[in-house]
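To keep things clear, I will list the structure first and then write my remarks on it.
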Amino acid sequence: MASPPQSPASSASPCVPPYVIALADDLSGAAETACALGGPVRLSLAAAADVAETAAAQDLVMDLNTRHLPPAEAASAVRTALRAALAGPPRLLYKKVDSQLRGNLAAEAAVYAEGAQAVVIAPALPAARRTVTGGVVHVNGVPLHHTDGWRAERAAAPRSLPEALSGLPVRTVPLDVVRSEPAALDAEFRRIAASGAHPAADAETDADLDAVAVAALRLGPGFRLLGSGGLAAALGRALVRPAAATPAPSPVQDSDPLLFVVGTAEPGAVAQIAHLTALGAHHVPLDPADLAAGTVSLPRTAGAPALTVFSIDGSAGLRPGAGRALSAALAALAAAYPGRPDLVLTGGETARTTLDALGIQELEPLGEIHHGAVHSRTPDGRRVVTRPGSYGAENSLLRIAVALRPRLAAATAPV
């Protein structure tokens, strides 16, 4: 087996535009992509028509908020954004998708492929132990369709990338080809494109994703990229452009309230929240039936606690497909929270509905606290951390709390 390719940046075609328009289907993924690309970036929650307002020497990441839309509506949103992107200054196109293939993947990918020579597909995310071999997504080494990653979805998890992208002709590119000499990988991508299909690359490491991204760049802008935050990071490493400017710090007020809105029933969330309650956080577990019915009311207090956690009580199980209604209910509670708390929002749908309820349409990414936990600032100075619901070790929320409220470090074990 050939060794992985060398430094990717030197291999990109000089005719490739160095800036990117990325289309994401949920907010946590959009924020992850904005950080992963590594360049000057604008993260927009507004409509596709604002493409012209983005500086030419800047990436634009757009949250289209389509994860839970009907497929036809999701496809229409991608088509509108794609038209706006293609009408503006030349930029590379990137489609951010869920590494567990959730959402309207087939419908959105079909539209994204319109007008492209081919779409290079690579949803592996090695940092979260999500890999692709033989065209099958694996989570911690287990095929996706044998995990519980889709337990909150209405359908069963797809058994392969070709199945997940039904309607779009897909050909798997095995690991030995991904790790072969650059010319061989380029030739395979070209061969698949010439057959009218789209290459779906196996990948287990970041080096594999680097090879995929650089190959797509060598082949020119007719080859579009579609993948998770892992491929977005590989694209960022491959592009030669100024690094993102470090935003000017704003004062951290340790006395300001900090509100966690945990919009996931992932089993790991229980242990993550326990670390916060050990610090004295006020935990409000919310019954999903009461949330969906709109019958939850929070007790009035003299002032907002310094640290509060809203979470969904998943102990009795969740009704598949109920996520959107629960996220909307959580967002309404968060928007009604007294004061002006900084926010930690887990789950892309929860993050988006909460910011919508607060009228926030743009975020300035400041960096990652840990993989996937993106620290941003709103135009009016509020701090917001977004994180996919399925990410993070047991101390994830604790690490976020300490990053936003440094005084808490003295009350914790090393994190």
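Here, each number is a calculation from the coordinates, and none is a lab measurement. It should be emphasised that the depicted structure is a prediction, and the values quoted were computed from it without experimental measurement. Here Cβ is always computed from backbone atoms with ideal geometry, including for glycine, and neighbour counts include all displayed protein chains.
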GluC sites (Glu not before Pro), loop per DSSP, at most 13 other Cβ atoms within 10 Å - longest free stretch of the chain
115-393
Scalar couplings 3J(HN,Hα) for segment 271-286 by Karplus 6.51 cos²θ - 1.76 cosθ + 1.60 (θ = phi - 60°), nearest whole Hz, x for Gly and Pro, are 5, 4, 5, 4, 5, 6, 5, 5, 8, x, 5, 8, 9, 10, x, 10
Simple SL model, points at 7 angstrom along Cα→Cβ for Ser195 and Glu73; separation in nm is 3.7
What FRET efficiency would be calculated for the residue pair Arg154, Ala410, taking the C-beta separation as r and a Förster radius of 41 Å, to the nearest 0.05?
0.35
Viscosity 1.002 mPa s, temperature 20 °C: Stokes-Einstein D of segment 258-411 from its Kirkwood Cα radius, in µm² per second?
138
Principal axis dimensions, the chain - Cα atoms, whole angstrom, descending:
67, 44, 41
Based on the mean of other Cβ atoms within 10 Å per residue, sort peptides 34-44, 370-380, 139-149 so the most packed one is first.
34-44, 370-380, 139-149
For Glu362, list long-range residues whose amide hydrogen, built 1.01 Å from N in the peptide plane, is under 5 Å from its own amide hydrogen.
Leu45
At 0.36 nm per residue, minus the direct Cα-Cα distance, what do Glu394 and Gln58 gain on full extension? Give it in nm, one decimal, please.
117.4 nm
Which whole-number percent is the relative contact order of segment 258-411 (Cα, under 8 Å, 6+ apart)?
29
Spelling it out for Leu125: with amide H atoms placed in the peptide plane at 1.01 Å from N, the residues 5 or more places away or on another chain with amide H under 5 Å from its amide H are Arg130, Thr131
So what is the relative contact order of the chain, in percent, for Cα pairs below 8 Å that sit 6 or more residues apart?
19
